[in-house]
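Visitor: Mind looking over this structure? Questions follow.
The values are calculated or read from the model by the stated rules, or taken from the named source; none is laboratory data. Model, not experiment: these values are computed from the prediction. Every residue, glycine among them, receives a Cβ derived from its backbone with ideal geometry; neighbour counts consider all protein chains shown.
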Amino acid sequence: MSKGEELLAKYENEVEAIWRSKTPKSRELCEQADKYIPGGALRSHSTGTYPPYGERVDGSYVFDVDGNRYIDLVLGMTCIIGHNHPKVAAAVQAQVPKGLVSFQADIGRDVLAEMMCKRVPSVDKVWFTLGGSQSFMWAIRAARAFTGRDKILKIRGGYNGTYDDALAVPPNPRLPNGFRGLPKNTLDNVLMTHWNDKELTEKVIRENKDELAAVLTEGVQSGGTIPPKDGYLTFLREICSKYGIVLIFDEIVNFWLAHGGTGDLYNVEPDLCCYGKGIGGGLPMGLIGGRDDVMKLFSQKEQIRIAAIAAHTGDPMSVAASTACLKLMTADEIARINGNGELLATGIRSILKDLGIHGQVIGYGNHQSVHLTTDDEVVDPVVYATNANAPGLQQAMALYRRSLMNKGVRTLENLMALRISTPLSESDIDTALAAMREGFIEIHPILKEVAPHLVS
């Protein structure tokens, strides 16, 4: 066993011992759940052998059954207005006595649809879905019907849901088992390119222009953490228009980066936008928005349309929550939390510099990410993910994130991605930065052994 392996093993034992001492009730509950749920829990956020069991949530905090409080730097992905926002809760409560199941025609849906169309420059009409994955599935179906073509182009390393076309990608460090259970011919209609690589993207599109129905991309790749470079989005818009290809923006995580989403942020109008997660204000919700001529394919009035029907799309509870969320997320509020995101990023950069750890803190506004690298910039999520998954470094960073949980800070499990919610205070940011500094000090000697190029 090398010195690095010895240090990793010792630190893992220390981190796990602290975790078990802080969360005995969670451990017991997870062991019981294993009898009925595969793995014993639906999700684990890099917390070792078992996750914490939540008891209640409030604003920027999660409280577990053992009485521990965590500053939540994940919730902005699904609930950027914070947990249990009083105005969202009030909107949902007001809907309860009116009914949990909507009529075919519903005023609430009409109001929400109008709000989205007025808010997002590229959206003429909207269609309701159950969530992000379904939004992509139906958007791609519409693109194929509109163009009469079958192939789609995706960005390597991106995550756009869990339906077959989204997972039909070359081996992805983030989804190592993504191929399992997919029909063998699914790959035939999915092409790949690299983020920020105009030359490769132009080549792939030009060679497949007569078969390509859609290009699917995030406005800021990897969940709002790797911005476009050198006008990449404008380039996508121009080349898709040239060849009659439907440009689809993944706004599921990125919508709250600007008042009108990333299309508005970068002055690029996609043909379709897919929404989910945070659009629901904490409840399951999804939308597709876009150009009128493409969106007509969802209309029940049209003779030629696509199958896009589900029993609970646009249910009144989710619509009420989403409407309240949209009202709360004004341009000023988004600007404020974007500023808090930059404040957090600046603090982390200072920590890395002070400790002599090479890395980049990049993203946009309320979405930030930490990349340990000697590169001057990070422009491709696959390159970063591959480097981050190097033996030793991957384990060290997993332990780092687990140690943050012991210190009361919750981050995303598979990437060092950080989301800023509206109730997150500057005091919370200071507390999180103190925990991050302590964690980096702990793994500093480990990094010297397993990734010496990252430590000065």
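Yes/no matrix, rows are residues, columns are (1) crowded, with 22+ Cβ neighbours inside 10 Å; (2) under 19 Å from residue 225 (Cα atoms):
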{"residue": "393", "(1), (2)": "no, no"}
{"residue": "412", "(1), (2)": "no, yes"}
{"residue": "420", "(1), (2)": "yes, yes"}
{"residue": "434", "(1), (2)": "no, no"}
{"residue": "437", "(1), (2)": "no, no"}
{"residue": "445", "(1), (2)": "no, no"}
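Visitor: Restricted to segment 160-177, and to residues that are part of a helix (DSSP H, G or I) and closer than 19 Å to residue 290 by Cβ, which residue is modelled with the highest pLDDT? Please lay out each step first, then the result.
Guide: Just the residues of segment 160-177 that are part of a helix (DSSP H, G or I), to begin with: 164-167.
With closer than 19 Å to residue 290 by Cβ added as a condition, the list becomes 165-166.
Details: 165: 76, 166: 70.
The selected residue is 165.
Visitor: Quick one: is residue 277 of a type in the set (Lys, Arg) and at pLDDT 95 or above?
Guide: In short, no.
Visitor: A further question follows. Take the residues of segment 256-277 that are over 23 Å from residue 102 (Cβ atoms) and of a type in the set (Phe, Trp, Tyr): which is surrounded by the fewest Cβ atoms within 10 Å (Cβ to Cβ)?
Guide: 266
Visitor: Tally up the residues in segment 103-118 that are free of Cβ contacts under 8 Å to residues at least 40 places away in the same chain and surrounded by fewer than 19 Cβ atoms within 10 Å (Cβ to Cβ), please. Step through it out loud before you land on a result.
Guide: If we filter segment 103-118 for residues that are free of Cβ contacts under 8 Å to residues at least 40 places away in the same chain, which is where we start, we get 103-105, 107, 110, 113-114, 118.
When the remaining residues are screened for being surrounded by fewer than 19 Cβ atoms within 10 Å (Cβ to Cβ), the result is 103-105, 107, 110, 114, 118.
Looking only at that region, the number is 7.
Visitor: When residues of segment 191-217 are filtered for being in contact (Cβ under 8 Å) with a residue 40 or more places away in the chain, aliphatic (A, V, I, L, M) and under 18 Å from residue 233 (Cβ atoms), how many remain?
Guide: 6
Visitor: Related question: Consider only pairs whose beta carbons are under 9 Å apart and that are at least six residues apart or on different chains; among these, list those whose first residue lies in segment 20-34 and is farther than 13 Å from residue 68 by Cβ and whose second residue is assigned to a helix (DSSP H, G or I).
Guide: Sorted first by the residue in segment 20-34, then by its partner, the pairs are 29/40; 30/39; 30/40; 31/40; 32/40; 33/39; 33/40; 34/40.
Visitor: Another question about this same structure. Filtering segment 195-226 down to residues that are at pLDDT below 95 and assigned to a helix (DSSP H, G or I), which residue is surrounded by the most Cβ atoms within 10 Å (Cβ to Cβ)?
Guide: 224
Visitor: Any residue in segment 58-81 that is farther than 19 Å from residue 367 by Cα sitting within a Cβ distance under 8 Å of a residue that is polar (S, T, N, Q) and surrounded by 22 or more Cβ atoms within 10 Å (Cβ to Cβ)? List the pairs, counting only those 6 or more apart or interchain.
Guide: 64/23; 64/26; 65/26; 66/23; 66/26; 68/23
Visitor: Would you be able to say whether some residue in segment 91-102 is at pLDDT 90 or above, buried (at least 18 other Cβ atoms within 10 Å of the Cβ) and small (Gly, Ala, Ser)?
Guide: yes
Visitor: Something else: For segment 278-307, name all the residues that are surrounded by 22 or more Cβ atoms within 10 Å (Cβ to Cβ) and free of Cβ contacts under 8 Å to residues at least 24 places away in the same chain.
Guide: none
Visitor: How many residues are in a loop (DSSP other than H, G, I, E, B) and farther than 25 Å from residue 278 by Cα when one looks only at segment 326-378? Outline the logic, then answer.
Guide: Just the residues of segment 326-378 that are in a loop (DSSP other than H, G, I, E, B), to begin with: 329-330, 356, 358-359, 365-366, 372-378.
From what's left, farther than 25 Å from residue 278 by Cα: 356, 358-359, 372-378.
Final tally of qualifying residues: 10.
Visitor: Going by the structure shown, is residue 229 at pLDDT 95 or above and of a type in the set (Lys, Arg)?
Guide: Details: at pLDDT 95 or above: no; of a type in the set (Lys, Arg): yes.
Criteria not met by residue 229.
Visitor: As an exercise: evaluate residue 348 against (1) within 16 Å of residue 455 (Cα to Cα); (2) touching a Ser or Thr at 6+ places or on another chain (Cβ under 9 Å) and give the number of the one condition it does not meet.
Guide: (2)
Visitor: Let me ask something additional. Kindly evaluate residue 157 against the criterion of being surrounded by 20 or more Cβ atoms within 10 Å (Cβ to Cβ), modelled with pLDDT of 75 or more, in contact with a Lys or Arg (Cβ under 9 Å, 6 or more places away or on another chain) and under 25 Å from residue 209 (Cβ atoms). Before the answer, list the steps.
Guide: On the way: surrounded by 20 or more Cβ atoms within 10 Å (Cβ to Cβ): yes; modelled with pLDDT of 75 or more: yes; in contact with a Lys or Arg (Cβ under 9 Å, 6 or more places away or on another chain): yes; under 25 Å from residue 209 (Cβ atoms): yes.
Yes; evaluated as a whole, the condition is true for this residue.
Visitor: Looking for something aliphatic (A, V, I, L, M), in contact with a Gly (Cβ under 9 Å, 6 or more places away or on another chain), surrounded by 14 or more Cβ atoms within 10 Å (Cβ to Cβ) and under 27 Å from residue 451 (Cβ atoms) - is there at least one such residue anywhere in segment 322-344?
Guide: no
Visitor: Looking at (1) under 24 Å from the mean Cα position of the chain (by Cα); (2) of a type in the set (Val, Ile, Thr); (3) within 22 Å of residue 379 (Cβ to Cβ), find the lone condition where residue 204 falls short.
Guide: Status for residue 204: all satisfied but (1).
Visitor: Mind checking which residues of segment 91-123 are hydrophobic (A, V, I, L, M, F, W, C) and part of a helix (DSSP H, G or I)?
Guide: At the first step, the residues of segment 91-123 found to be hydrophobic (A, V, I, L, M, F, W, C) are 91-92, 94, 96, 100-101, 103, 105, 107, 111-113, 115-117, 120, 123.
Across segment 91-123, the qualifying residues are 91, 92, 94, 96, 107, 111, 112, 113, 115, 116, 117.
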